[in-house]
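**Student:** Sharing a structure, written as structure tokens. Questions coming.
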């Protein structure tokens, strides 16, 4: 049985280590994909060597039939294509499974959080974290290992190049240390901007969500221009952040992509001299060109992985802010099953909201079963608050709320809330 998908609750760990249990839940799919991808790479690196032998043996020396190498290269190419297709299929399945688990985990936690949490957090902010932030984390968790396997082709190709010509192998890989250093610098530069992008996207989502839900209020006060301007201002901040991100990547990414091509030029230069001096063959130069070209996509993907990693790190921290939020409403360790008659008592109840607003202060009230009581008062006097305390949407700051002589904190929450009926002022209709 694979382990249950979850996020590690240990806040002292890095975001990636906390997400590892989620990946382990789908390790069979992921490992299958990575294994197929690695085998595909092993097949791919054989193609340049087959070309080298074909040119040197069949074309230059004419000691072997050319058809043999033509069929060999064609067979290797077909095998690589089939392996890459299967690897991609399993990788995409892994990605969607991880995304599903992330969404389910966040939603299950959100529905457990109390009223007080939603008083502090805007709904658009939650929507952003449950959509774009999840996608950023999913992309890195699923595609990051695949990119690392793709980068392994550099080591495999380097090993083969060493076996053919150690000098040309060193020349071809001469630019790689520079690429590694530039990658670290790029990662440090991108992280703050990635966090800013996600935060500003959340602000845009919040404005759209509020105006969609409150469209009647907006129209009633002819506030459309004001809300459009607010959205434009928020979108402009997102645009600035994206431009900043593009500027950073435009500085670093072309260099990361071009350095392997510099290696190609060095191979042609040094290799050309070696061919003229009879130290190597034309087939070797062709093979080395193919190997250097083979190194370019992984290093392009390495730059993309750095960008994905920084965006995922920023998004993961925003997601963990939700998952690490504990509910203030905690059910008793051994809750009492509620079979309520309706004897309600507010005993010295004091309650203040998180922003410090005092709603109730030293309230005493007793309502007998079957008795009908009307609470009358101006807006903000605490009428709705009393109902919320009764159903334990909030806990009292001081005093106690009792039903049938027992503190509401002793009852099982589900039992209590199914037997305390509340009709809110603003009804919400779910899509059916």
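The values are calculated or read from the model by the stated rules, or taken from the named source; none is laboratory data. Note that the structure is a prediction, hence the values are computed from the model and not measured. Ideal geometry is used to build each Cβ from the backbone, glycine not excepted, and the neighbour counts take in all protein chains shown.
**Student:** So residue 426 passes all but one of these: (1) assigned to a loop (DSSP other than H, G, I, E, B); (2) buried (at least 16 other Cβ atoms within 10 Å of the Cβ). Which condition number does it fail?
**Tutor:** (2)
**Student:** Which condition does residue 124 not pass, out of (1) surrounded by 17 or more Cβ atoms within 10 Å (Cβ to Cβ); (2) under 11 Å from the mean Cα position of the chain (by Cα), if it passes all the others?
**Tutor:** Only one criterion in (1) surrounded by 17 or more Cβ atoms within 10 Å (Cβ to Cβ); (2) under 11 Å from the mean Cα position of the chain (by Cα) is unmet by residue 124, namely (2).
**Student:** Further question on the same structure: Looking only at segment 11-20, how many residues end up being surrounded by fewer than 16 Cβ atoms within 10 Å (Cβ to Cβ) and in a helix (DSSP H, G or I)?
**Tutor:** 2
**Student:** Applying the selection to segment 333-353, what residues are in a loop (DSSP other than H, G, I, E, B) and on the phi > 0 side of the Ramachandran plot?
**Tutor:** 342
**Student:** Please enumerate the residues belonging to segment 352-387 that are crowded, with 16+ Cβ neighbours inside 10 Å and in contact with a helix residue (DSSP H, G or I) (Cβ under 8 Å, 6 or more places away or on another chain).
**Tutor:** Of everything in segment 352-387, those that are crowded, with 16+ Cβ neighbours inside 10 Å and in contact with a helix residue (DSSP H, G or I) (Cβ under 8 Å, 6 or more places away or on another chain) turn out to be 359, 360, 363.
**Student:** One residue is enough: does segment 333-351 have a residue meeting the conditions surrounded by 14 or more Cβ atoms within 10 Å (Cβ to Cβ) and either under 24 Å from residue 133 (Cβ atoms) or at pLDDT below 80 (or both)?
**Tutor:** Within segment 333-351, one or more residues are surrounded by 14 or more Cβ atoms within 10 Å (Cβ to Cβ) and either under 24 Å from residue 133 (Cβ atoms) or at pLDDT below 80 (or both).
**Student:** Residues to consider are 262, 268; find the one that is in contact (Cβ under 8 Å) with a residue 60 or more places away in the chain, farther than 25 Å from residue 133 by Cα and either touching a strand residue (DSSP E or B) at 6+ places or on another chain (Cβ under 9 Å) or surrounded by fewer than 18 Cβ atoms within 10 Å (Cβ to Cβ) (or both).
**Tutor:** 262
**Student:** Can I ask one more? Tell me whether segment 76-95 contains one or more residues that are surrounded by 13 or more Cβ atoms within 10 Å (Cβ to Cβ), at pLDDT below 90 and over 17 Å from residue 140 (Cβ atoms).
**Tutor:** No; the residues of segment 76-95 include none that is surrounded by 13 or more Cβ atoms within 10 Å (Cβ to Cβ), at pLDDT below 90 and over 17 Å from residue 140 (Cβ atoms).
**Student:** I'd like the full set of residues that are closer than 15 Å to residue 352 by Cα and under 38 Å from the mean Cα position of the chain (by Cα), limited to segment 393-412.
**Tutor:** 393, 394, 395, 396, 397
**Student:** Scan 34, 41, 82 and give me the residue that is assigned to a helix (DSSP H, G or I) and within 15 Å of residue 144 (Cα to Cα).
**Tutor:** 34
**Student:** While we're looking at this one, here's another question. Give segment 24-46 a look and list any residue that's in contact with a helix residue (DSSP H, G or I) (Cβ under 6 Å, 6 or more places away or on another chain), within 30 Å of residue 68 (Cβ to Cβ), surrounded by fewer than 20 Cβ atoms within 10 Å (Cβ to Cβ) and modelled with pLDDT of 90 or more, or say none.
**Tutor:** 38, 39, 43
**Student:** Now a separate question. If a residue counts only when it is crowded, with 17+ Cβ neighbours inside 10 Å, which helices (runs of 4 or more DSSP H) contained entirely in segment 128-238 have at least 3 such residues?
**Tutor:** Answer list for segment 128-238: 132-164, 166-172, 176-213.
**Student:** What is the number of the single condition among (1) assigned to a loop (DSSP other than H, G, I, E, B); (2) out of contact with any helix residue (DSSP H, G or I) (no Cβ under 6 Å at 6 or more places or on another chain) that residue 392 does not meet?
**Tutor:** The single condition residue 392 does not satisfy is (2).
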